[in-house]
Amino acid sequence: MKKVLFLIFHGFDPNNGISKKISYQVDALAQCGMEVHLCYMDEKDTKRRIIDQEVIADYGKGFLSKIRKRTEFSSISNYVKEHHIDLVYIRSNHNANLFTINMVKKMKADGTKVVMEIPTYPYDTEYEAQGISRQIFQDRIFRNQLAKNLDAIVTFSDYDKIFGQRTIKISNGIDFDSVKMKTTINDTSKELNLIGVAEIHEWHGFDRIVKGLAYYYSKPQEYIVRFHVVGYFFSTEIENEFKKIISDNHMEDYVILYGKKHGEELDQIFEKCDFGIGSLGRHRVGIDKIKTLKNREYAARGIPFVYSETDSDFDKKPYVLKVPANETPIEINSIIDFYKSLSLSPAEIRDSIKNLSWGEQMKIVLNRVLP
């Protein structure tokens, strides 16, 4: 049985969206017949690097510990050598530097295959949009050199090469056991309920829906459309801006903010909603081609949805409405008309993405790197 080390440079919280995705990937690799080990940081008391339940490095507390966790990687490369790991799957933290390069070189010298997943690419504009470009100053200097030492870069984009290295193109997958299919078919003869679920950033473009609703309700309407927004805002600034758009346009009765919900609570909100809102502002951070997890979750739930980017897995699906990647308010009537034209059941929508299971996606990576 071949061995895989899944390496992340941050904490692992089973209730966190990113951690859930990682656990699905780890499970999928195991389903593909791999022996899988997960390496992550634990920073509750002291900063400790852990593989499975074993502490492989304890960096202590204070300022020095912050430096050591970013520079000490010999504990990882030693583990890889001692345990005869066949493949190291790194999730990029945009932390290319001399220390990560040296770690990869050591792994490769011992015959281990090393790939790195870049979850969103390109990513520079996301940092620029948040005013934190300095955080990836080192990454910009060293990322081409790091990429050169890898066997491949795993991407959810359509790029054939990233930082000069070949890519393995996969889709964000779905763990079907974790996503409950919608079972309630609501009466939509008099109202339509939209749902947007996200950790809300400016690139989600949810403000375009609110502005579209404001225009829609600028004339008397008998047909009611509501927007249910589920998730925390990334920053207080984004939250205040969004709430101001709601209040300025007097949309309080039509835009419902839930905060973060998961499990049964989230399932119940999906049951009363009919149509998903994907990303409508990726153009704001310079991204066109992307395969977001949210699109896949909406399809797994069995509801139609809208987005503005390019996603080759969904662009031609009959239950997807594409809108322009610009700043215009979303035409609510176009959503109503599109929804009324559909006749697909939740089960038919869900069945259309069986090929997007995490098992199938991780199999693509394994087939490309392991002999």
Can you name the residue in region 194-213 that is hydrophobic (A, V, I, L, M, F, W, C) and over 20 Å from the mean Cα position of the chain (by Cα) and is also surrounded by the fewest Cβ atoms within 10 Å (Cβ to Cβ) among such residues?
-> 210
Checklist (1) under 21 Å from residue 334 (Cα atoms); (2) under 27 Å from the mean Cα position of the chain (by Cα); (3) without any contact (Cβ under 8 Å) to a residue 12 or more places away in the chain applied to residue 268, failing item = (1)
Just for region 91-133: of the residues that are of a type in the set (A, V, I, L, M, F, W, C) and out of contact with any helix residue (DSSP H, G or I) (no Cβ under 8 Å at 6 or more places or on another chain), which one is surrounded by the most Cβ atoms within 10 Å (Cβ to Cβ)?
-> 118
Tell me, which residue of region 49-69 that is out of contact with any Phe, Trp or Tyr (no Cβ under 7 Å at 6 or more places or on another chain) and surrounded by 14 or more Cβ atoms within 10 Å (Cβ to Cβ) is nearest to residue 362 (Cα to Cα)?
-> 49
Among helices (runs of 4 or more DSSP H) lying entirely in region 53-138, which contain 2 or more residues that are modelled with pLDDT under 95?
-> 62-71, 124-129
Residue among 232, 258, 216 that is at pLDDT 95 or above and open to solvent by 50 Å² or more (accessible area, probe 1.4 Å) | 258
Identify all residues within region 21-48 that are without any contact (Cβ under 8 Å) to a residue 24 or more places away in the chain and closer than 25 Å to residue 176 by Cα; write none if there are none.
-> 23, 26, 30
Restricting attention to region 1-48, and to residues there that are among the charged types (D, E, K, R) and open to solvent by less than 30 Å² (accessible area, probe 1.4 Å), which single residue is nearest to residue 199 (Cα to Cα)?
-> 21
Subset of region 134-148 (residues that are surrounded by fewer than 19 Cβ atoms within 10 Å (Cβ to Cβ), closer than 10 Å to residue 96 by Cβ and not aliphatic (A, V, I, L, M)) = 138, 140, 142, 144, 145
Conditions (1) in contact with a Gly (Cβ under 8 Å, 6 or more places away or on another chain); (2) open to solvent by 10 Å² or more (accessible area, probe 1.4 Å); (3) closer than 30 Å to residue 217 by Cα: number failed by residue 306 = (2)
Give the residue that is most open to solvent (accessible area, probe 1.4 Å), with candidates limited to residues of region 324-362 that are among the small types (Gly, Ala, Ser) and under 30 Å from residue 284 (Cβ atoms).
-> 341
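Is it the case that residue 296 is open to solvent by 10 Å² or more (accessible area, probe 1.4 Å) and of a type in the set (Lys, Arg)?
Working: open to solvent by 10 Å² or more (accessible area, probe 1.4 Å): no; of a type in the set (Lys, Arg): yes.
When the stated conditions are applied, residue 296 does not pass them.
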One residue from 200, 168 being in contact (Cβ under 8 Å) with a residue 60 or more places away in the chain, closer than 25 Å to residue 289 by Cβ and either of a type outside the set (Phe, Trp, Tyr) or in contact with a Ser or Thr (Cβ under 6 Å, 6 or more places away or on another chain) (or both) = 168
How do the pairs read when you match residues in region 226-238 that are more than 20 Å from residue 252 (Cβ to Cβ) with residues anywhere that are buried (at least 18 other Cβ atoms within 10 Å of the Cβ), using Cβ under 8 Å and keeping only pairs 6 or more apart or on different chains?
-> 234/200; 234/201
Hits in region 261-273 (condition: part of a loop (DSSP other than H, G, I, E, B) and surrounded by 22 or more Cβ atoms within 10 Å (Cβ to Cβ)) = 273
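The values are calculated or read from the model by the stated rules, or taken from the named source; none is laboratory data. Bear in mind the structure is a predicted one, so any value in this text is a computation, not a measurement. Note that we place each Cβ from the backbone using ideal geometry, even for glycine, and neighbour counts take in every protein chain shown. Heavy atoms of the whole protein, side chains included, go into the accessibility calculation; ligands, DNA and RNA do not. Shrake-Rupley method; radii C 1.70, N 1.55, O 1.52, S 1.80 Å.
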